[in-house]
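Structure record follows, encoded as structure tokens.
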Amino acid sequence: MPIYVNSNRMREDGIQLKSTRHCTYQSGHHFVWIPFKRRKIFTKEAIIEATKRYVTEAIENKNNDMGLIAIEVDRTLMDHVHVFVSFPPRMLASQAVTIMKGYSSRRLRMEFPHLKNLHEKSQLWAHSYYWGTTGNVSAQTVKRYIEECQG
């Protein structure tokens with residue numbers, strides 16, 4: 001008898017249980033990136049709000065089954081974007097961050113022309129980023145389960 005999973009189940013941390021044709025998954029991905037050369041671009045509330053809006057649009061408009069869980073801009077250092085998303089196993093983390101950074105960079109530079117003149121290159125974000133994952137169970141739980149299965 002097949003097991004059917006309700007795709008509307010959600011944990012208290014906002015990560016929804018989803019499924020593809022061959023896989024049921026529940027994962028969260030935390031991304032952090034900075035502006036090129038750590039420029040302090042988040043000096044105005046309008047830029048902060050536009051950054052959130054464009055990253056959200058990138059996630060929702062690309063027909064990629066990504067889901068936004070949380071987004072925030074570091075208002076203390078004024079140079080970090082934090083995004084917590086869920087995406088299907090067929091998508092690479094590098095694809096997900098490219099979608100978010102590429103779309104938001106293009107739109108921010110169109111709306112705020114002074115961001116184009118920060119440096120000689122036509123990029124807003126640094127190439128590097130941080131990526132961390134979350135799941136339904138902790139790493140300690142998985143390790144203990146695997147060790148106990150060994151007999």
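Rundown of residues vs (1) open to solvent by 80 Å² or more (accessible area, probe 1.4 Å); (2) more than 13 Å from L124 (Cα to Cα); (3) modelled with pLDDT under 90, yes/no style:
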position	(1), (2), (3)
S7	no, yes, yes
I15	no, yes, yes
H30	no, yes, no
R38	yes, no, yes
T51	no, no, no
V81	no, no, no
L92	yes, yes, no
A96	no, yes, no
M100	no, no, no
Which of the residues spanning the range 63-79 are in contact with a strand residue (DSSP E or B) (Cβ under 7 Å, 6 or more places away or on another chain) and open to solvent by less than 30 Å² (accessible area, probe 1.4 Å)?
M66, G67, V73, D79
Can you tell me which residue in the range 19-50 is nearest to S105 (Cα to Cα), limited to those that are under 13 Å from the mean Cα position of the chain (by Cα) and outside any loop (DSSP other than H, G, I, E, B)?
W33
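Somewhere in the range 90-105, is a residue within 14 Å of the chain's Cα centre (by Cα), outside any helix (DSSP H, G or I) and β-branched (V, I, T)?
Let us first name the residues in the range 90-105 that are within 14 Å of the chain's Cα centre (by Cα), namely 91-104.
Keeping just the survivors that are outside any helix (DSSP H, G or I) gives 91-92.
Subset that is β-branched (V, I, T): none.
No, that holds for no residue.
The values are calculated or read from the model by the stated rules, or taken from the named source; none is laboratory data. As the structure is a prediction and not an experimental result, all values here were calculated from the model. Neighbour counts are summed over all protein chains in view; Cβ atoms, including those assigned to glycine, are modelled from backbone coordinates with ideal geometry. Please note that ligands, DNA and RNA were not included when accessible areas were found on the heavy atoms of the full protein model with its side chains. Shrake-Rupley method; radii C 1.70, N 1.55, O 1.52, S 1.80 Å.
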